[in-house]
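The values are calculated or read from the model by the stated rules, or taken from the named source; none is laboratory data. No experiment lies behind these values; they were computed from the predicted model shown. Reconstructed Cβ throughout: ideal geometry from the backbone, glycine too, with neighbour counts over all protein chains shown. When the accessible area is computed, the model is the full protein with side chains, heavy atoms only, and any ligands, DNA or RNA have been set aside. Shrake-Rupley method; radii C 1.70, N 1.55, O 1.52, S 1.80 Å.
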Amino acid sequence: MKNLFLSILSLLFLTSCEKDIDLDLDDQSGKIVIEGNITDGGGPYLVKITKSVPYSSSLPYTAIENAQVVVSDNAGQAETLTYAGDGYYVTNTFTAQPGRTYTLKVNAEGQQYSARSTMPQPVSFDGLDQDSFLIAGETTYTLLPVFTDPPALGNRYLFIYSVNNGSQKFFAEFSDNVNNGLPNQRPLLMPNDEDGVKVNAGDTIHVEMQCIDQNIFTYYSALLQILDGGAGSGITPANPPGNISNGALGYFSAHTVNKKDKVIQ
């Protein structure tokens with residue numbers, strides 16, 4: 001199967017808009033790929049549905065145009081999404097808030113798929129603290145997201161960041177398995193000539209903090225291990241374990257969103 005571009009965070013979350021991931025090249029051709037996000041940042045919300053193509057093909061991924069896509073929550077709200085082109089389905093009036101569980105149902109090409117995600121309560125994102133260190137005479141920067149983990153165990157976080165609003169995205173997942181209920185102590189390592197991106201003094205770093213549920217944390221953990229080659233993890237370049245039924249690739253995430261910017265000094 002041709003390398004699959006997973007557009008994350010409002011349909012883009014990988015390390016670049018050109019960054020591809022190998023997913024089971026031998027047997028994943030023709031698989032449906034579903035990517036959806038519900039946030040507390042307000043709609044409209046998007047669900048993207050495509051189909052993978054053979055690795056040898058020069059064609060782009062095939063958009064699935066005639067699916068029935070329904071999102072609902074455990075408070076009785078439900079909406080059938082409208083097709084907007086290029087594989088995207090969009091809500092019109094659907095609203096979301098933390099604490100609710102959201103369900104996605106897709107009927108496409110005679111098959112039914114479903115997924116569920118619970119939006120956690122937001123955790124206050126209070127700022128970004130900068131630090132730096134030298135590696136072989138080169139300055140490398142870090143940013144520490146300032147937040148205090150709630151006392152209850154089980155909080156999961158995703159951080160997506162870019163340099164000067166560039167198209168290339170970097171991300172990291174955090175859990176509270178260590179340092180539960182305490183101020184965060186885990187920094188974000190800024191790129192230092194990574195894929196052609198190097199952070200220098202004067203650059204602006206844009207950071208988005210998401211509070212995510214356990215299934216999405218597992219998905220991103222596996223995805224990061226795949227991108228890093230799976231060193232020491234036992235994970236091979238296969239699709240990460242999404243939360244969508246019936247063998248579909250992709251994910252459905254209900255999460256909170258908070259953003260901060262930091263100018264490197």
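Mark the label point 7 Å from the Cα of Asn177 along Cα→Cβ and return the residues of region 141-171 whose backbone N is within less than 19 Å of it. Hits in region 141-171 for Asn177 at 19 Å: 149-159.
Peptides 77-90, 176-189 ranked from most to least packed give 77-90, 176-189, packing being the mean of other C-beta atoms within 10 angstrom over each peptide's residues.
Qualifying chymotrypsin sites (Phe, Trp or Tyr not before Pro) in region 117-171, where qualification requires a DSSP coil assignment and no more than 16 other C-beta atoms within 10 Å, are lacking entirely. For Thr80 and Gln130, FRET efficiency with R0 = 35 Å and r from the beta-carbon atoms, rounded to 0.05? Efficiency, from the Cβ-Cβ distance: 0.15.
Note on Gln185/Leu153: beta-carbon distance plugged into 1/(1 + (r/R0)^6) with R0 of 25 Å gives a FRET efficiency of 0.90. When the pairs Lys31/Lys169; Lys169/Lys259; Lys48/Lys262 are compared against a 20 Å limit on Cα-Cα distance, Lys31/Lys169; Lys48/Lys262 fall above it. Region 95-128 and region 188-217 have their alpha-carbon centroids 23 Å apart. As a fraction of the 1.4 Å probe accessible area of region 63-215, surface on carbon and sulfur atoms comes out at 45 percent.
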